[in-house]
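Participant: Quick one: structure below, then a few questions.
The values are calculated or read from the model by the stated rules, or taken from the named source; none is laboratory data. Owing to the predicted nature of the structure, the values given are computational and were not obtained by experimental measurement. So basically every Cβ, Gly included, is an ideal-geometry build from the backbone, and we count neighbours across all protein chains shown. These area figures cover heavy atoms from the full protein model, side chains too; ligands, DNA and RNA do not enter into them. Shrake-Rupley method; radii C 1.70, N 1.55, O 1.52, S 1.80 Å.
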Amino acid sequence: MESEEDQMEEPIPAIALPVVTEPPKIHRLHESVVNRIAAGEVIQRPHSAVKELVENSLDAASTSINVVVKDGGLKLIQVSDDGHGIRDIGTLRKMQYEDLPILCERHTTSKLSRFEDLQSIKSMGFRGEALASMTYVGHVAVTTITKGQLHGYRVSYRDGVMEHEPKPCAAVKGTQIMIENLFYNMTARRKTLQNSADDYPKIVDLLSRFAIHHINVSFSCRKHGAARADVHSVATASRLDAIRAVYGVSVARNLMKIEVSDDDPSSSVFEMDGFISNSNYTSRKTTMVLFINDRLVECSALKRAIEIVYAATLPKASKPFIYMSVILPPMHVDVNVHPTKREVVDPTSSSPVATTKDSSMNASASGMKGIKSQKVPVNKMVRTDSQDPAGRLHAYLQVKPPSNYEQSSSLTSVRSSIRQRRNPKESSDLTSIEELIDDIEKNCHSVLLDIVRHCTYIGMADDVFALLQHNTQLYLANVVNLSKELMYQQVLRRFAHFNAIQLSDPAPLLELITMALKEEDLDPECNEKDELKEKIAEMNTELLKTKTEMLEEYFCIYVDSDGNLSRLPVILDQYTPDMDRLPEFLLCLGNDVDWEDEKSCLQSIAAALGNFYAMHPPLLPNPSGDGLEFYKRRKSSGSPHAEENISKDAEDHVTNDGIEHELVAEAENSWAQREWSIQHVLFPSMRLFLKPPTSLAANGTFVQVASLEKLYKIFERC
Ligand code: ADP
Ligand code: MG
């Protein structure tokens with residue numbers, strides 16, 4: 001038998017269309033065709049049916065919801081709850097069936113009467129379409145019992161109507177809905193579903209999400225015939241407990257609570273709370289569970305934005321875990337924008353989601369210590385356009401061209417900021433800077449330029465050399481030299497226009513310079529020199545204090561009147577220098593800069609910054625390999641000098657194997673961070689900005705190790 005669905009899906013011939021002389025006749029589609037088309041939209045896959053059924057159970061105030069699935073949901077989906085049930089027999093006139101006969105008709109619902117109710121709707125369902133749709137694409141059976149009844153009723157449905165009178169049966173509190181043979185009459189869809197991976201993992205994922213949000217409800221989900229449930233949660237008062245039960249201990253122990261809210265009717269009114277993973281969490285896949293007004297929704301743009309923040313902040317390319325629950329005033333949420341209610345939209349006010357993104361960026365950038373509430377300035381608020389047909393959450397995260405009115409005002413501000421950038425305070429249009437930049441251009445080595453532009457980074461060969469491939473050649477390249485040069489060039493290019501790195505604790509120049517002088521000295525025994533060193537340090541500090549204005553204006557190096565350093569420049573985005581090298585840098589500023597001649601002064605400061613920001617190997621030896629000895633020696637034998645350096649605290653952490661594990665962990669972390677920066681910051685920026693000077697061609701920065709042609713020749717002989 002050929003169903004209507006099959007006829008509908010008949011491919012339209014690409015050529016040889018009959019020449020139509022008259023307009024084709026318009027006719028009304030048969031109701032069953034209309035219903036089945038609509039049903040296909042509401043129930044797109046087995047997991048969308050499960051979502052509808054579970055939402056119905058939640059709407060029925062259930063405290064326990066159990067799901068059984070067979071064959072990815074195509075053979076059977078069964079959802080049982082202990083909710084209020086469905087009215088069956090009339091209370092006034094006995095033997096008059098109440099709601100069961102119309103339960104599965106389209107647009108029959110107990111949740112909405114007037115359109116206006118949609119504005120304040122709290123239930124998840126309201127269209128009265130889900131059950132009806134299921135009867136058009138599957139076989140539906142309902143068993144239900146309401147409070148005070150001695151027995152329940154069971155009835156099955158097909159195409160929106162009861163197949164028979166409700167049959168009395170034994171039943172436990174609540175409702176059980178069973179869908180068998182989903183899409184039995186939609187051959188094409190069934191075939192695609194059968195060919196693709198089955199929906200069961202998606203169903204498990206769905207139930208997991210519900211379980212961590214509705215923590216006062218217990219959920220279970222299992223395959224038909226399986227003894228063990230794949231999701232099993234019990235009602236609890238703690239969200240973290242629920243997350244632990246569903247996603248496991250390893251997730252729950254690496255989460256941080258987040259909370260943001262705003263209550264300003266002129267900008268936004270919302271509350272958001274949730275949990276996000278910290279830097280110890282590792283996963284290759286992002287898990288983002290988002291509820292808006294208790295509705296499980298998706299927002300891939302927000303997810304992507306958060307992923308970017310994590311990727312930019314964490315050296316281990318781990319993807320985050322996010323659970324967020326956003327509460328908005330119901331009248332601000334249009335729940336009716338998506339056929340499966342997968343997306344909702346806030347059509348009037350500003351976007352809490354954008355705020356969330358902003359705040360989470362702050363949180364992660366500031367070491368992820370929690371999210372602070374932050375208001376979005378009006379010019380940054382992103383609104384949906386009435387012409388955007390879907391009106392989806394995504395719209396909030398894409399900056400759209402503002403309206404004419406907004407355009408003129410924001411245009412002025414953009415213009416003025418560009419003007420400012422182009423013509424900064426006269427002083428920074430210094431000819432010496434132009435000359436230094438010209439020198440870089442003139443000095444650029446074209447072959448090396450081609451290599452850095454087009455090379456592929458393979459990995460670190462040792463502490464200093466990276467392995468690169470350029471066309472058929474393999475090179476070793478010294479990343480310390482390369483990064484030093486790149487930083488130097490960038491300081492000149494960003495001259496007087498730096499963003500700032502704010503130090504969490506201002507650093508006292510005097511102490512740091514003294515420290516650097518002592519470290520420089522190879523003979524630590526000699527105390528006599530200490531006095532001299534302190535003098536030198538004092539003089540250097542005083543000298544730098546007289547230069548604060550220019551250091552701040554040109555290089556964003558901010559020293560306050562007490563001689564504390566609190567700000568450093570951002571030379572490459574997403575990169576902060578190794579603070580262990582700060583003392584050395586300050587000493588160099590004091591000692592090595594020629595403050596008299598403008599050009600060489602600026603050049604030497606840029607070079608000092610270049611050296612400070614270069615990607616040197618961390619001061620702690622690399623614990624993988626020979627470096628591990630360092631962490632042993634300090635405890636067991638060790639020189640008296642090394643012994644001295646071990647604080648009481650550190651000694652406590654030395655375990656029986658004689659290794660300082662905490663120090664090893666710290667070292668591992670700095671080595672991993674450096675490697676991350678080399679791959680993700682240094683190489684991409686080099687490709688864009690570095691003009692390699694000719695000196696790099698001769699000083700061993702680049703070493704050609706092999707050419708593939710030659711290697712092939714060798715292999716050919718083998
Ligand atoms: P909607 O949820 O949009 O109202 P549905 O087709 O999903 O439409 O359900 C129709 C009606 O059936 C609901 O309004 C509700 O009154 C009733 N119903 C469905 N499932 C359950 C359930 N598990 N427990 C109690 N009532 C239910
Ligand atoms: Mg429903």
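Participant: I want to check the label-to-label distance for Asn471 and Asp99. Put each point 7 Å from Cα in the C-beta direction and report it in nm to one decimal.
Facilitator: 7.6 nm
Participant: Just to verify a number: FRET efficiency for Phe689 and Thr548, C-beta to C-beta distance, R0 = 41 Å, to 0.05?
Facilitator: About 0.90, to the nearest 0.05.
Participant: Kindly write out, for segment 499-509 in residue order, the coupling ³J(HN,Hα) from the Karplus curve 6.51 cos²θ - 1.76 cosθ + 1.60 (θ = phi - 60°), rounded to whole Hz, with x marking Gly and Pro.
Facilitator: Whole-Hz 3J(HN,Hα) from phi for segment 499-509: 7, 10, 9, 8, 6, 5, 10, x, 9, x, 4.
Participant: Shifting gears a bit: How many angstrom separate the Cα center of segment 168-241 from the Cα center of segment 20-72?
Facilitator: 17 Å
Participant: At 1.567 mPa s and 4 °C, plugging the Kirkwood radius over alpha-carbon pairs of segment 51-208 into Stokes-Einstein gives what diffusion coefficient in µm²/s?
Facilitator: In µm²/s, the coefficient is 79.
Participant: Ordering Glu22, Glu668 from largest to smallest accessible area (1.4 angstrom probe), what's the sequence?
Facilitator: I get Glu22, Glu668, largest accessible area first.
Participant: Let me check something: with ligands and nucleic acids excluded, how do Val703, Val50 order by accessible area (1.4 Å probe), largest to smallest?
Facilitator: Largest accessible area first, the residues go Val703, Val50.
Participant: Now for a different question. For the full complex of protein chains and a 1.4 angstrom probe, list Lys599, Lys518 by accessible area with the highest value first.
Facilitator: Ranked from most to least accessible, the order is Lys518, Lys599.
Participant: Which value in nm describes the separation of the simple spin-label points at Ser283 and Glu519, placed 7 Å from the Cα toward the beta carbon?
Facilitator: 3.9 nm
Participant: Just grab the label-to-label distance for Glu259 and Thr187, each label 7 Å out from Cα along the Cβ direction, in nm (one decimal).
Facilitator: Label at Glu259, label at Thr187, 5.9 nm between them.
Participant: Can you tell me what percent of all Cα-Cα pairs in segment 23-106 are more than 17 Å apart?
Facilitator: 66 percent
Participant: Residues with amide H under 5 Å of Arg158's amide H, sequence separation 5 or more or different chain, H placed in the peptide plane at 1.01 Å from N; which?
Facilitator: Result for Arg158 returns Glu163.
Participant: Something else now. Determine how large the accessible area of Asp580 is when every protein chain is in place; take a 1.4 Å probe and give Å² rounded to the nearest 10.
Facilitator: Counting only protein heavy atoms, the figure is 90 Å².
Participant: Here's a follow-up. Please give the peptides 170-176, 560-566 ranked by average Cβ packing (other Cβ atoms within 10 Å per residue), highest first, as a rough proxy for protection. Intermediate results must be reported in sequence, preceding the final value.
Facilitator: On the way: 170-176: 18.0, 560-566: 15.0.
Ranked from most to least packed, the peptides come out as 170-176, 560-566.
Participant: Explain nothing, just compute: Karplus ³J(HN,Hα) = 6.51 cos²θ - 1.76 cosθ + 1.60, θ = phi - 60°, for every residue of segment 114-131 in order, whole Hz, x for Gly and Pro.
Facilitator: Each residue of segment 114-131 in turn: 10, 4, 4, 4, 4, 5, 10, 5, 10, 6, 7, x, 6, 8, x, 10, 4, 4 Hz.
Participant: Given axes a ≥ b ≥ c from the Cα gyration tensor, I'd like to know whether segment 121-189 is rounded (a/c under 1.5), prolate (a/b larger than b/c) or oblate. Could you put the intermediate results ahead of the total?
Facilitator: Numbers: a/c = 2.51, a/b = 1.44, b/c = 1.74.
Verdict is oblate for segment 121-189.
Participant: Right, next: Of the heavy-atom accessible surface of segment 433-521 (probe 1.4 angstrom), what whole percent is carbon and sulfur?
Facilitator: For segment 433-521, the apolar C and S fraction of the accessible surface comes to 49 percent.
Participant: Additional query: List the residues whose amide H sits under 5 Å from the amide H of Gly627, counting only those 5 or more places along or on another chain, with H placed 1.01 Å from N in the peptide plane.
Facilitator: When sequence neighbours closer than 5 places are left aside, there are no close amide H contacts.
Participant: Follow-up question, since we're still on this one. Near the amide H of Val231, under 5 Å away, which other amide H atoms are found, from residues 5 or more places off or on another chain, if H is placed in the peptide plane?
Facilitator: Those qualifying (amide H under 5 Å, at least 5 residues apart or on another chain) are Cys221.
Participant: Label segment 504-607 by shape, choosing from rounded, prolate and oblate, from the square roots a ≥ b ≥ c of the eigenvalues of the Cα gyration tensor; if a/c is under 1.5 it is rounded, and otherwise prolate applies when a/b is larger than b/c, oblate when it is not.
Facilitator: prolate
Participant: In the full protein assembly as shown, how much of Leu206 is accessible to a 1.4 Å probe, in Å² to the nearest 10?
Facilitator: It works out to around 10 Å².
Participant: Okay, next question. Convert each backbone phi in segment 612-619 into a coupling constant with the Karplus relation 6.51 cos²θ - 1.76 cosθ + 1.60 (shift: θ = phi - 60°), then list the ³J(HN,Hα) values in order as whole Hz, x for Gly and Pro.
Facilitator: Computed from phi, the couplings for segment 612-619 are 5, 7, 4, 8, 5, x, x, 5 Hz.
Participant: Still on this structure, I have one more. Beyond 20 Å between alpha-carbons counts as too far, so tell me which of Lys223/Lys303; Lys70/Lys202; Lys70/Lys167; Lys202/Lys285; Lys70/Lys173 fall in that bin.
Facilitator: The answer is Lys223/Lys303; Lys70/Lys167; Lys70/Lys173.
Participant: While we're here: What ranking, highest mean first, results for peptides 237-245, 612-620 when packing means the other Cβ atoms within 10 Å averaged over each residue? Provide the component values of the computation, followed by the final result.
Facilitator: On the way: 237-245: 17.7, 612-620: 19.7.
Result, highest mean Cβ count within 10 Å first: 612-620, 237-245.
Participant: Which values of log₁₀ I(q)/I(0), to two decimal places, follow from the Debye formula for segment 176-251 at q = 0.11, 0.19, 0.20 Å⁻¹ with a uniform point scatterer at every Cα?
Facilitator: Log-scaled intensity ratios, in q order: -0.38, -0.86, -0.90.
Participant: Could you calculate the contour length gain from Met579 to Glu271, that is, 0.36 nm times the residue separation minus the distance between their Cα atoms, to one decimal place in nm? Provide the component values of the computation, followed by the final result.
Facilitator: Working: separation 308, 0.36 × 308 = 110.88 nm, distance 3.82 nm.
Roughly 107.1 nm would be gained on extension.
Participant: Under the rule a/c < 1.5 gives rounded, and otherwise a/b versus b/c splits prolate from oblate, where does segment 31-72 land using the Cα gyration tensor? Mind showing how you got there, number by number?
Facilitator: Working: a/c = 3.52, a/b = 1.71, b/c = 2.06.
The shape class here is oblate.
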